[in-house]
Amino acid sequence: MLTLIALGLLGGMALLGGVLAVLLRDPVYAVLSLVKTMVGLAAVYFILGAEYIGAIQIIVYAGAILVTFLFVVMLVNLMPEDIPPLPRGPKLYGALGVAILWMLTLTISLRAVLDLPDPEESHAMPTNQYLFGTLPPIGKVLFSAYAFPFELLSITLVIGMIGASVLVQKRVEV
């Protein structure tokens, strides 16, 4: 029962951080709210027994990527008048509708997660049967079945970094 309460509180913290990241007008506070979301998700992973995924969530996402976002936001130096107003009307409701539809699709698609064993039971099982969220099964699957998508993701990230650097560069008028 205590685990369920902790999961609810941490999930609520992650949800609140995500909502604040979207609603806050100051980019620095929005990025810090996103850090709150990532830490809340990492704590949920730790409670569910996926220690490796939780550590990666903190190290990679909250530690490296969002700190980089924070530096980029601070370097761009946006003024309040540079930030466009939030969309209203059909644009806002359309985006909310798509988000709710995507959430429902994911909820229906991921129902198999309910069939996973309890984290307390998984620690009692022999190590070769069930190692949910630990390094050996993740590494085996990542570098065998998902090797090609993993490499595509790294190429996508490099293209994103190049695109971000091109967008940030000052234009020299001739």
Go through the residues of segment 23-32 one by one and say whether even a single one is touching a helix residue (DSSP H, G or I) at 6+ places or on another chain (Cβ under 8 Å), in the same structural domain as Val76 (by TED's automatic domain parsing), within 16 Å of Ile138 (Cβ to Cβ) and aromatic (Phe, Trp, Tyr). no
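Here's the yes/no breakdown for (1) outside the structural domain of Ile5 (by TED's automatic domain parsing); (2) at pLDDT 80 or above; (3) assigned to a helix (DSSP H, G or I):
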{"site": "Tyr45", "(1), (2), (3)": "no, yes, yes"}
{"site": "Leu70", "(1), (2), (3)": "no, no, yes"}
{"site": "His123", "(1), (2), (3)": "yes, no, yes"}
{"site": "Gly133", "(1), (2), (3)": "yes, no, no"}
{"site": "Lys140", "(1), (2), (3)": "yes, no, yes"}
{"site": "Ser144", "(1), (2), (3)": "yes, no, no"}
Conditions (1) in a helix (DSSP H, G or I); (2) buried (at least 19 other Cβ atoms within 10 Å of the Cβ); (3) not β-branched (Val, Ile, Thr): number failed by Gly49: (1)
On the given criteria, is Tyr61 among the aromatic types (Phe, Trp, Tyr), assigned to a helix (DSSP H, G or I) and surrounded by 19 or more Cβ atoms within 10 Å (Cβ to Cβ)? no
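The values are calculated or read from the model by the stated rules, or taken from the named source; none is laboratory data. Quick caveat, the model's predicted, so the values are computed rather than measured. As a convention, Cβ positions derive from the backbone with ideal geometry for all residues, glycine included, and neighbour counts pool all protein chains shown.
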